[in-house]
Structures are given as structure tokens and as C-alpha cells.
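Structure first, commentary second.
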Amino acid sequence: MGRVAYNHEFGMIKDGKGTVTVEGKTTSLDALRATMQMYGIFGPVPWLFKMIGQIGLVGEMAIFFKWCHDTMRMKQKSFDVVNDTPTDISSWIIKSQNDASDINKRQTQRSIENDSILLILAGSDTTASAITNAIFYLTRNPDCLTKLRTQLEALPDHSLKSLATVRYLDHIINETLRLKPPAIEGLVRETPAGGITVPDDGTFIPGGTMVSIPPWTLHRDKRFWGKDAGEFRPERFEGVDLTSETVPFIPFTRGAYTCPGKQLGYIEMRGVISAVLMNFELSLAEGQGEKDFDEGCMDSFTLANPPLMMELKRREV
């Protein structure tokens, strides 16, 4: 996400440490994820979470947020809104703020700095979580793995354009997102001033009410997905129009506020999953329990997986 968001690599994977340092204070991504579990508990009660932050119980998160804010400020200083052409997400955000004709509709500085958190956290953890779970499910379902690998081997090349034509690859990604949605508890929305009436049963929800539909619950509801709703079966997505409002599938939310990184996420997931399958034979490492991983995920605003230990053997092609 460093290159996509800021045209800059942070080097966290290359150095193998995954640390960030701000004003002499260092935190690791592992420590940040542990702290983020508080989001899963207190996220739906924003005032409570803010209060906890004020008494210093989210120190690791504060360091990370400061690092994100500083990264955006540095981009603002280096990007010339008059002469430079935007080449990444952050520069488009900065240019949009500058070009807004109505000063009252411009993003505030605080809003732009908070966007930097979403760019890095929501744009990386969610995709990594989905890829990890997809590889786990494929390892546990060898028939699905073999079927996908056969279709990938039949491609003339493995460009992003070619990978986008493999429907079964998308079915596997979607089935993974159904069972393990990265935004596990859903995103909160406020009902309009006049309130809304639920079409199916006539329930009225007053205006100004904060509502959310947890994808985890919706995606596993047997009323919509059948008796095997808890099982990994990518074929269930064959012939399904995911743009239809009648399909209860919302890993990226839906409507005007759907995730803007959705297509980028699919591109990344297709590329990484196919590269791993084409180059390696996969198996769970000795001692890695299926149940330990499958049931060990945590709600940390984004889905946090436990470690998945795999054995990879280079394929003989």
C-alpha cells in the first residue's frame, strides 16, 4: 500500500521487522494488532473508545496513528498541487482538497490525516487477511485447489488481465470473503432524519439511529446460503449476480459508500493466490491445527487471524 497510496515503499516486509518509529517511540505491527482488538470491543461506542484513548490505554495505536498522520503531512509538503500530476491515492486526495471551489466542502486537515490511517490499515490488513484465509481453505479443500490450478495452467499467461477471466478464482475469493469477511462487524451507518421502514416485516427504525449489519452473521445465515452455509463451497457463486440487492453479500459494503479499494483488492488477491499456487505445493506445517486457525480469528475492526504455519515446496513444472 505504500506505493499505491504514497508512491513510496515503507520496507516493512523487506526488513522483516514490521516496525514504525515516531519521535523515538517504536511499535510493531504485531503490537498494533493486539491493541486493535479494543476496536472490536469498543468500536460501536465511539465516545467510550475516545475516553479510553485519553487515559492512555491505546499507546501502540497512538504511535501508529501519529506515523500515518506524519506520512500524509510529508506528502502534502512534497506534492505541488499546481504543477505536479497525481500519481497515487494521497496526491489525488490532496489535489481534491485544493481544487474544491466551495471552501466549506473541502476536507479538513484532520479528515485528510485520518484518511491516511484508512489507506494503510484498511488497504493492507484486509487484503492480507483474505489471502491468508483463501490459502488455508484451498489447502483444506484439495479438490478446489486442483480445479483452480488446472484452470490457471490453461491460461496463455498470468497477467492481471488473464487472471480476471478465471471465474473460479473469483468464486474462491468470494467464498473466502463470505466466510471470513475482513470487516467482520460491518460499518455503522446513520438512518435518515425521517427514519426507515424495513420492507420485509415493517419494522420502523427512527431517524438518527446508528445501525450496522455484521457481514459475518449475514454471510453465514442458512436462510440465504442454505444448510451448508458454514462450509467452503466456491461453486455456490456460479451464475450469481453480485450487483443484485437481493444477494446478501457485503464484504465491501454496498451502495454509494462501497469500499473504493474493492477492485484493487481483487487484483491483489488474484495475483498473490495464483502466484502461490503456480509456484508451490502447499500443506499445513506439522503441529498446525486446522481448528486452531479457523476458529482463532479475532474482531479487531478488521479480521485478525492467528499465525498460519505452512509448508511450501517448490513445484516441478
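Numbers below:
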{"quantity": "Selected residue (only one of LEU118, LEU148 is in a helix (DSSP H, G or I) and surrounded by 17 or more Cβ atoms within 10 Å (Cβ to Cβ))", "calculated": "LEU148"}
{"quantity": "Hits in region 220-249 (condition: basic (Lys, Arg) and in contact (Cβ under 8 Å) with a residue 24 or more places away in the chain)", "calculated": "ARG220, ARG233, ARG236"}
{"quantity": "Any chance GLU235 is among the charged types (D, E, K, R), closer than 23 Å to PRO142 by Cβ, in contact with a His (Cβ under 8 Å, 6 or more places away or on another chain) and modelled with pLDDT of 95 or more", "calculated": "yes"}
{"quantity": "Region 290-317 - residue that is part of a helix (DSSP H, G or I) and touching a Pro at 6+ places or on another chain (Cβ under 8 Å) and, of those, farthest from LEU121 (Cα to Cα)", "calculated": "ASP292"}
{"quantity": "Cβ pairs under 9 Å, 6+ apart, first in region 250-261 and in the same structural domain as VAL240 (by TED's automatic domain parsing) and aromatic (Phe, Trp, Tyr), second surrounded by fewer than 15 Cβ atoms within 10 Å (Cβ to Cβ) and part of a helix (DSSP H, G or I)", "calculated": "PHE252/LYS262"}
{"quantity": "Boolean, GLU153 is under 29 Å from ASN305 (Cβ atoms) and of a type in the set (D, E, K, R)", "calculated": "yes"}
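Residues checked against (1) among the polar types (S, T, N, Q); (2) touching a residue at least 24 places away in the same chain (Cβ under 8 Å):
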{"site": "LEU148", "(1), (2)": "no, yes"}
{"site": "SER162", "(1), (2)": "yes, no"}
{"site": "ASN174", "(1), (2)": "yes, yes"}
{"site": "PRO192", "(1), (2)": "no, no"}
{"site": "VAL211", "(1), (2)": "no, no"}
{"site": "LEU218", "(1), (2)": "no, yes"}
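The values are calculated or read from the model by the stated rules, or taken from the named source; none is laboratory data. Predicted model only: the values in this text are computed from it and were never measured. For neighbour counting, all protein chains shown are included, and Cβ atoms are generated from backbone atoms with ideal geometry for every residue, glycine included.
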